[in-house]
Amino acid sequence: MRWSTYFIPTLREDPADAEVISHKLLMRAGMIRQLAAGIYSYLPIAQRSILKIANIIREEQNSIGGQEFFLPALNPAEIWQESGRWGLMGPNMFRIKDRKGADFCLGMTHEEVMTDIARHELRSYKQLPQVWYQIQTKFRDEARPKSGLLRVRQFTMKDAYSFDIDQAGLDKSFEDQRRAYCRTFTRCGLEYVIVEADSGAMGGSASNEFMVYTDAGEDLVASCPLCNYAANLEKATSRLTPVDDGADDPVIEKFATPGVKTIDDLVGFPGGAPADRQIKTLIYAAVSEKGRESRTMPLLALLRGDHALNDAKLANAVARQLNRDGWEVVNVRPAHPEEIFELLGANAGSLGAVGVTGKLILIDEALHGRQNMTTGANEDGAHLRGVSIERDIRPTAWVDLRSVAEGEICPSCGEGALRVAKALEVGHIFKLGTKYSVSMNAKVLNSEGREIPLIMGCYGIGVERILAAAIELNHDDAGIIFPLSIAPFHVVVSPLNTRDAEVRAVAERISTELEQAGVEVLHDDRDERAGVKLNDADLIGIPLQVRIGPRKLKEGSVELYDRATRISVDLPADAVVEAILERMSRYNKGVPTEA
RNA sequence: CGGGGCGUAGCACAGUCUGGCUAGUGCGCUCGGUUUGGGACCGAGAGGUCGGGGGUUCGAAUCCCUCCGCCCCGACCA
């Protein structure tokens, strides 16, 4: 490919509205341009990388028996209504009407379409298992698109679905995918970690996310440096060191606490208590919907005074309590001050659950067995001490509600101090079970002739996120450093002085020979100064570069430059093709084919 | 949806507070010349509904109203 006629509009300066590194470099390298918030055009070299990533994904899916489909992005409302997600997806789903006024949406994912095919075509356990996937554009009307390609409204996703007759089959399909994901991300040059993840309100059991550690990520991952425990903060747990509560079975005593509004206030208040001897009482409101009906229910969430509530854990716990009789919890939000006063007769700062009955009370497991605690008295300016939890509080359910904190002890090995770091989700696999097969009536006959719902798994990979993550992980002050496997080209051939006929001729010859050997070459035949060519080549991150200058060429040599190390070696001009092939094969051998 | 910021040439920005010459600067682009191993130099040019609409004024990029778009923080994110 000749650079002079190829479209790579590089920029010298960072665009004003780019914040994260991958966004700046994708723009500067001439890979993407923005069309609207969270909507990007992929220019030629980005498209080349994306096709390579997609192809690696495809090869690994095919290797575990996956069969590629291409499904409609445009979906009729009916199938989403059937699965119950037409309402659940809320404003995150793009919705349109056709000319007759019928409702359609743009697919955010394809459980519904796949399940629809499965229920029409799969009849017998003999046809199972099936692993179906596609690589398609997905649409999500994100409330806040951001960070270049990391959080967008239109993106490419590989989504796979497995259909099995039983749990053992699902376990195998899941494990196949897990291994295929490991190989996929490794081949793309990403360092990743597999974490335990929240499977969300959508149900399902096992759930693993594939995360890349980067500050550009939006998730938090807790991991143990001593064992292989790693979990999304929405799921992570830890072991706590016991707190000494002092005297057994004390009596409850009310005491005046004028002006005390927070846990901290009470720590410093005479006769108060340390934070880990207090009960934090938070009031939330759960909004549920059933068809067009909507109702709001207040609830109490109780935690140890120094512990932080995890919103995702609370939302899941509330859904488990309230999702029944067709009601679906759609939002769990902090209660408004008026709602709090109406519920407990006091204002935030003096709230507690002692003596509260007939309300939904969720209590964090870390409070098990605790006594002689201090909490609000449901009377402004007053608190209670000597509260023994099992004796004095009647919770609806004990649940895990708190976020683990850095430094707490690993729940798996019991020794390591957990670390918490930002990470980007590039893949997510989980066991769906029968949620969609039941709601959409996708059944097959088992070996006993009985009709049973298909057991499903679903497995997603964000294609552009792999590209962006690769850049977040591999760059320097000169630009992108692409892994060979997903680089737009393998080699840039740079004649450094295009006025020199000999330099031009050698560049032509080397480019042609490389192409004939199957190497993807970008021949920088532009009439530019050497500095421009070298800087552009570094910026777009092509792994290898052949630099041909008049001085060294007089002695018969050219330079082979390695983008990652920025080291170049002089080689005889007629030895460079072989040297490149050797380096490329060494790289390819370095990539494991088994996880 | 709440809070903050921004919108002037392809890109990055100045000018706006305090209304007034022909709306500037750098990069990029075109032409001519010189130059040629880490984003060259000289000269000459092209390129603008100052985000849209409305208003105030003798006069609006600048002041007022309104709408739109984009970025950041938060909420949200099967």
Q) Which FRET efficiency value, to the nearest 0.05, do you get for A:Ala417 and A:Asp264 by plugging their Cβ-Cβ distance into 1/(1 + (r/R0)^6) with R0 = 22 Å? A) 0.35
Q | Bins of 5 Å, starting at 0 and running to the largest distance - Cα pair percent for the range A:1-154 | A | 2, 8, 13, 15, 15, 15, 13, 9, 6, 3, 1, 0, 0
Q: Only Cα pairs under 8 Å and at least 6 apart count here; give the relative contact order of chain A as a rounded whole percent.
A: 17 percent
**Q.** Ordering of A:313-319, A:388-394, A:46-52 by packing [mean C-beta count within 10 Å, highest first]
**A.** A:313-319, A:46-52, A:388-394
Q: Under 10 Å from the Cβ of A:Ala285, count the other residues' Cβ atoms, weight Lys and Arg +1, Asp and Glu -1, and hand me the total.
A: 0
**Q.** Cα lying deepest toward the dipole's positive end in the range A:489-589, options A:Leu544, A:Ala564, A:Asn497, charges on Cβ
**A.** A:Ala564
Q) About its Cα centre, how strong a charge dipole does chain A have in debye, to the nearest 20, once Lys and Arg get +1 and Asp and Glu get -1 at the Cβ? A) 1160 debye
Q: Using only the Cα atoms of chain A, construct the convex hull and provide its projected area averaged over every direction, in square nanometres to one decimal.
A: 33.9 nm²
Q: At a Cα cut-off below 16 Å, give the lysines reachable from A:Lys443, other chains included and same-chain residues fewer than 8 away excluded.
A: A:Lys126, A:Lys435
**Q.** Ranked packing of A:143-151, A:243-251, A:15-23, most packed first, by mean Cβ within 10 Å
**A.** A:143-151, A:15-23, A:243-251
(Q) Using 0.36 nm times the number of residues separating A:Leu445 and A:Glu338, minus their current alpha carbon distance, what extension gain do you get? (A) 33.0 nm
Q) Given H placed 1.01 Å from N in the peptide plane, which residues other than close sequence neighbours of A:Met108 have an amide H under 5 Å from its amide H? A) A:Phe139
Q. In chain A, with Lys and Arg counted as +1 and Asp and Glu as -1 at Cβ, which of these residues, A:Ala348, A:Leu25, A:Met1, has the Cα nearest the positive end of the dipole, that is, farthest along it?
A. A:Met1
Q | Nitroxide proxy distance, nm - points 7 Å out along Cα→Cβ at A:Glu68 and A:Asn497 | A | 4.7 nm
Q) Simple spin-label model, 7 Å along Cα-to-Cβ: A:Leu226 to A:Arg551 in nm? A) 5.8 nm
Q: Give, in nm to one decimal, the length gained when the segment between A:Asp527 and A:Ala143 is fully stretched (0.36 nm per residue of separation minus the Cα-Cα distance).
A: 133.7 nm
**Q.** Cut-off 13 Å (backbone N to label point 7 Å along Cα→Cβ of A:Leu240), residues of the range A:400-430
**A.** A:400-405, A:408-409
Q: Please give every one of the aspartates and glutamates within straight-line cross-link reach of A:Lys261, meaning a C-alpha to C-alpha distance under 16 Å, and leave out same-chain neighbours fewer than 8 residues apart.
A: A:Asp306, A:Glu379, A:Asp380
(Q) For a Förster distance of 45 Å, can you work out the FRET efficiency between the beta-carbons of A:Ile567 and A:Ala308, rounded to the nearest 0.05? (A) 0.40
**Q.** Cα lying deepest toward the dipole's positive end in chain A, options A:Gly87, A:Phe69, A:Val444, charges on Cβ
**A.** A:Phe69
(Q) Going through the cross-link list A:Lys290/A:Lys359; A:Lys100/A:Lys138; A:Lys254/A:Lys359; A:Lys138/A:Lys589, which pairs have a Cα-Cα distance over 32 Å in this structure? (A) A:Lys138/A:Lys589
(Q) Skipping prolines and chain starts, which residues have an amide H placed within reach, meaning under 5 Å, of the one on A:Ile39, given they are 5 or more residues away or on another chain? (A) A:Arg153
Q | J(HN,Hα) series, the range A:380-396, from Karplus relation 6.51 cos²θ - 1.76 cosθ + 1.60, nearest Hz, glycine and proline x | A | 4, x, 9, 10, 10, 10, x, 7, 9, 4, 4, 7, 10, 10, 10, x, 6
Q | Where a label projected 7 Å from the Cα of A:Glu520 along Cα→Cβ would reach, residues of the range A:543-558 with amide N under 17 Å | A | A:543-546
Q) Karplus couplings for the range A:56-72 from phi (6.51 cos²θ - 1.76 cosθ + 1.60, θ = phi - 60°), rounded to Hz, Gly and Pro as x? A) 4, 4, 4, 4, 6, 5, 4, 5, 10, x, x, 10, 7, 10, 9, 10, x
Q. Each residue of the range A:430-442 in order: what ³J(HN,Hα) in whole Hz does its phi give by Karplus 6.51 cos²θ - 1.76 cosθ + 1.60, θ = phi - 60°, with x for Gly and Pro?
A. 7, 8, 7, x, 10, 3, 7, 5, 6, 5, 9, 6, 9
Q.
Given contacts defined as C-alpha pairs under 8 Å and at least six residues apart, what's the relative contact order of the range A:489-589, whole-number percent?
A. 29 percent
Q) To the nearest 20 debye, what charge dipole does the range A:253-403 have about its Cα centre, counting +1 at the Cβ of each Lys and Arg and -1 at the Cβ of each Asp and Glu? A) 260 debye
Q. What residues have an amide H closer than 5 Å to that of A:His523, excluding those fewer than 5 places away on the same chain, when H is modeled at 1.01 Å from N in the peptide plane?
A. A:Arg2, A:Trp3, A:Val493
Q.
Can I get the semi-axes of the range A:259-368's equivalent ellipsoid? Compute them from the C-alpha gyration tensor as square roots of 5 times the eigenvalues, in angstrom, largest first.
A. 28, 15, 11
**Q.** Computed label-point distance, nm, for sites A:Glu293 and A:Arg33 using a 7 Å Cα→Cβ extension
**A.** 5.4 nm
Q: Using per-residue counts of other Cβ atoms within 10 Å, averaged over each peptide, order A:566-578, A:292-304 from highest down.
A: A:292-304, A:566-578
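Just so you know, all these numbers are worked out from the coordinates, no wet-lab data involved. Remember, it's a predicted structure, so these values are computed and weren't measured experimentally. Neighbour counts run over all protein chains shown; Cβ positions are idealised from the backbone, glycine included.
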